[in-house]
Amino acid sequence: MKYCAFLRGVNVKGTNMKMADVCQVFKDAGMKDVVSILASGNIVFSSDKNAVELKIILEKAMSEHFSYEAFLFIKSHEETEAFWNSVPFEKNEDLHIYGFVGMSGVENVLMKEFEKAAQAENEKAEIVNDIFYWQVPKGNTLDSNFGKVLGKKSLKDQMTSRNINTFEKILKKME
């Protein structure tokens with residue numbers, strides 16, 4: 001079965017790793033057809049194991065190899081497709097749209113945080129099919145009140161986000 005592992009916190013804030021090294025860790029852990037997409041920690045691979053087993057195996061392998069506390073989220077091809085197919089916002093060259101990959105229920109936590117934060121013009125959030133989507137003006141991602149919330153330590157093991165264009169690139173590699 002084809003999967004994508006979405007790694008949290010890769011190549012930001014001092015956690016730097018080459019994707020070729022990450023792919024090798026996945027291969028050494030028994031994954032097949034391993035390929036990375038972009039440098040943000042998206043690894044497409046095949047395995048006979050289920051997502052729960054894979055999360056345990058791969059977090060342990062990544063943590064041991066890179067000497068950091070690894071968090072990753074495993075999604076099947078079908079689940080990854082849902083991120084691309086459920087986007088509630090129109091594409092606009094002035095806006096970024098992110099989909100959040102994470103633990104079950106994290107979309108509700110994120111929506112509560114979003115509703116508490118002051119929003120910029122054209123900044124929106126919506127939950128579709130249990131997926132949290134966030135639209136933000138380009139250049140405001142890290143400066144927005146909600147963007148700052150995303151770095152909270154309490155959320156680090158619960159989710160990661162990707163620009164929706166990344167999901168399109170991932171799906172092309174999964175086919």
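Quick notes on this one:
- Pair SER63, GLU121: separation of 7 Å Cα→Cβ label points (nm): 4.7 nm
- Calculated from backbone phi, Karplus (6.51, -1.76, 1.60) coupling profile of the stretch 132-137 in Hz, x at Gly/Pro: 8, 10, 10, 10, 9, x
- For the chain, the dipole from Cβ point charges (+1 on Lys and Arg, -1 on Asp and Glu) about the Cα centre works out to 460 debye, to the nearest 20.
- Close amide-amide hydrogen proximity is noted between VAL128 and TYR133, each under 5 Å apart and 5 or more residues distant or on a separate chain (H modeled in the peptide plane; Pro and chain starts excluded).
- Cross-link pairs LYS75/LYS116; LYS49/LYS112; LYS75/LYS138; LYS2/LYS60; LYS116/LYS173; LYS2/LYS153 - those with Cα-Cα distance over 32 Å: LYS49/LYS112; LYS116/LYS173
- In plain terms, the chain from LYS138 to ASN16 could stretch by 41.5 nm, reckoned as 0.36 nm per residue minus the Cα-Cα distance.
- Backbone HN-Hα couplings from phi across the stretch 112-120 [Karplus 6.51/-1.76/1.60, Hz, Gly and Pro as x]: 4, 5, 4, 5, 6, 7, 6, 9, 6
- Once the Cα gyration tensor of the stretch 33-91 is diagonalised, semi-axes √(5λ) in Å: 24, 15, 11
Bear in mind these aren't lab numbers, they're just calculated from the coordinates by the rules spelled out. Values in this document were obtained by computation on a predicted structure and should not be read as measured data. For neighbour counting, all protein chains shown are included, and Cβ atoms are generated from backbone atoms with ideal geometry for every residue, glycine included.
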